Amino acid sequence: ATLAVSGKDFVILAGDTRLSVGYSIQTRYSTKLCKLTDKCVLATAGMQADATALHNLLRSRMTWYEHQHGKQMSTIAIGQMLSNTLYYKRFFPYYTFNLVGGLTDQGEGYVFGYDAIGSYERIDGGSQGAGQTLIQPLLDNQVSRNNQAIIENKEIELEDAVELVKDAFTST
């Protein structure tokens, strides 16, 4: 399972470390997170071989960008690049489900959620992977404030988001 939560000036991405096939756990020490820049991280659930291939391709493209432009890609540019990359492979897609989270140059938190063929949207909080059915309703209620009659504060604070992420992984 992976999840991402964004706030006004922060982003949290988290993932479990289990690599499993069906009910069999292959290892408990496989990360689902990939640091792309100093301000951007990719969380990938799905097939490990496709995730590794996708991460390597993105790193290669980002290195070319950095050499050509003399700076790192922005979070929003990375979000669009991942969408284009996934859409290019839509007829034989990477079996991966991704979340990109990062800060803009102004320090604003962004999270993008993707399907396997590159459709994406900016979201306040999202999850992917085996735990998605348990985690997403919690994020919808506590981060996006859906289905709440009385809303005191629309934005989630960093301390509350950290506790929410811990609770989400404890419950799955």
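Okay, residues lined up against (1) open to solvent by 30 Å² or more (accessible area, probe 1.4 Å); (2) not small (Gly, Ala, Ser):
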site: 7; (1), (2): no, no
site: 11; (1), (2): yes, yes
site: 22; (1), (2): yes, no
site: 37; (1), (2): no, yes
site: 60; (1), (2): yes, no
site: 77; (1), (2): yes, no
site: 90; (1), (2): yes, yes
site: 93; (1), (2): yes, yes
site: 112; (1), (2): no, yes
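With respect to the conditions (1) part of a loop (DSSP other than H, G, I, E, B); (2) open to solvent by 30 Å² or more (accessible area, probe 1.4 Å); (3) not hydrophobic (A, V, I, L, M, F, W, C), residue 26 falls short on a single one, namely (1). Of all residue pairs spaced 6 or more apart or on separate chains, those with beta-carbon atoms under 6 Å, a first member in the stretch 114-138 that is more than 15 Å from residue 171 (Cβ to Cβ) and a second member that is in a strand (DSSP E or B) and open to solvent by 30 Å² or more (accessible area, probe 1.4 Å) are 114/120; 128/97. Among the residues of the stretch 66-81, some residue qualifies, meaning at least one is out of contact with any strand residue (DSSP E or B) (no Cβ under 6 Å at 6 or more places or on another chain), among the polar types (S, T, N, Q), more than 22 Å from residue 93 (Cα to Cα) and not in a helix (DSSP H, G or I). Restricting 49, 4 to residues that are among the aliphatic types (A, V, I, L, M) and in contact with a Leu (Cβ under 7 Å, 6 or more places away or on another chain) narrows the list to 4. Can we say residue 51 is farther than 22 Å from residue 8 by Cα, surrounded by 20 or more Cβ atoms within 10 Å (Cβ to Cβ) and in contact with a strand residue (DSSP E or B) (Cβ under 9 Å, 6 or more places away or on another chain)? So residue 51 fits the description; yes.
Within the stretch 119-172, if we keep just the residues that are β-branched (Val, Ile, Thr), assigned to a loop (DSSP other than H, G, I, E, B) and out of contact with any Lys or Arg (no Cβ under 7 Å at 6 or more places or on another chain), the residue that is nearest to residue 97 (Cα to Cα) turns out to be 123. Take residue 86 and decide whether it is modelled with pLDDT under 95, assigned to a helix (DSSP H, G or I), buried (at least 16 other Cβ atoms within 10 Å of the Cβ) and not aromatic (Phe, Trp, Tyr). It is false that residue 86 is modelled with pLDDT under 95, assigned to a helix (DSSP H, G or I), buried (at least 16 other Cβ atoms within 10 Å of the Cβ) and not aromatic (Phe, Trp, Tyr).
The values are calculated or read from the model by the stated rules, or taken from the named source; none is laboratory data. Keep in mind it's a predicted model, so treat the numbers as computed, not measured. We place every Cβ from the backbone using ideal geometry, glycine too, and count neighbours over all the protein chains shown. In case anyone asks, the SASA skips ligands and DNA or RNA and just uses the protein heavy atoms, side chains included. Shrake-Rupley method; radii C 1.70, N 1.55, O 1.52, S 1.80 Å.
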